[in-house]
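Here is the structure we will look at, set down as structure tokens.
Every read-out reported here was derived from the displayed coordinates using simple, explicitly stated rules and does not represent laboratory data. Just so it is clear, the model here is predicted, and its values are computed rather than measured. Positions of Cβ are backbone-derived with ideal geometry, glycine not excepted, and every protein chain shown enters the neighbour counts.
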Amino acid sequence: MTEQNFEQMRRAMVVSQLRTTGVSDARVVTAMGEVARERFVPADKKHIAYADIALPLGGGRALNPPMVTGRLLTEAAVAAGETVLVVGAATGYTVAVLEKLGATVVAVEEDGDLFAAGEEATPGAAWVKGPLAAGSKKGAPYTLIVLDGAVEQVPQALIDQLADGGRLVGALIDNGVSRLVSGVRAGQGFGVKAFADADAAPLPGFATPAAFSF
């Protein structure tokens, strides 16, 4: 496919997947309209880089649908100059969009192949290889944490890395349904609220411990 084809698909994504689904932050729309999503997917998936699906990256991982990324970043109200922790950064697509928004990004990824691809694609970010649920204490506290996928629970380790008043966005899996959520840390307290149901890509390592039963 040619660059012109990808540009046409990018424009179609903006019109049909972002503007029609509550992605109302003009800065987010502009940034996603500029980042070449095809650079962040496997070669055999480039032709569907802009499809409205969780796009497989290999190793059981996937890239969030464009609408999910757009809604999360709209809800996050990203400010230029703030340092953002991206958990489950994969190949770096969301990292690249955040950089377009003027953020300084710390990206955490545990899959070796995805880590290598993401670090190469977004060398301006600080990439950290390790368990997703552990985040990165080195750059904490963060004013914003983006869970770049769906989890069963938000671990205390990540909440502890939020600044007082810091925000977190992501998706929580509730009875098999992923719901986009946002939360704010207030002192030692933290809670989330759901704002949309969406098919977000699951992230490994966030399973809720099984309850004991007789």
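Could you count how many residues in the stretch 98-108 are in contact (Cβ under 8 Å) with a residue 60 or more places away in the chain and farther than 17 Å from Ser182 by Cβ?
Residues in the stretch 98-108 being in contact (Cβ under 8 Å) with a residue 60 or more places away in the chain and farther than 17 Å from Ser182 by Cβ: 1 in total.
Could you say whether any residue in the stretch 120-136 is touching a strand residue (DSSP E or B) at 6+ places or on another chain (Cβ under 6 Å) and of a type in the set (Val, Ile, Thr)?
There is at least one residue in the stretch 120-136 that is touching a strand residue (DSSP E or B) at 6+ places or on another chain (Cβ under 6 Å) and of a type in the set (Val, Ile, Thr).
List the residue pairs whose Cβ atoms are under 6 Å apart, where the first residue sits in the stretch 116-131 and is over 12 Å from Ala96 (Cβ atoms) and free of Cβ contacts under 8 Å to residues at least 24 places away in the same chain, the second is surrounded by 15 or more Cβ atoms within 10 Å (Cβ to Cβ) and among the basic types (Lys, Arg), and the two are 6 or more positions apart or on different chains.
Short answer, once both residue conditions are applied: none.
Which residue pairs have Cβ atoms under 6 Å apart, sit 6 or more places apart or on different chains, and have a first residue in the stretch 53-69 that is on the phi > 0 side of the Ramachandran plot and a second that is surrounded by fewer than 22 Cβ atoms within 10 Å (Cβ to Cβ) and part of a loop (DSSP other than H, G, I, E, B)?
Gly59/Asp111
Being under 29 Å from Lys138 (Cβ atoms), free of Cβ contacts under 8 Å to residues at least 40 places away in the same chain and not aromatic (Phe, Trp, Tyr) narrows it down to one of Ala89, Ala80, so name that one.
Exactly one residue qualifies, and that residue is Ala80.
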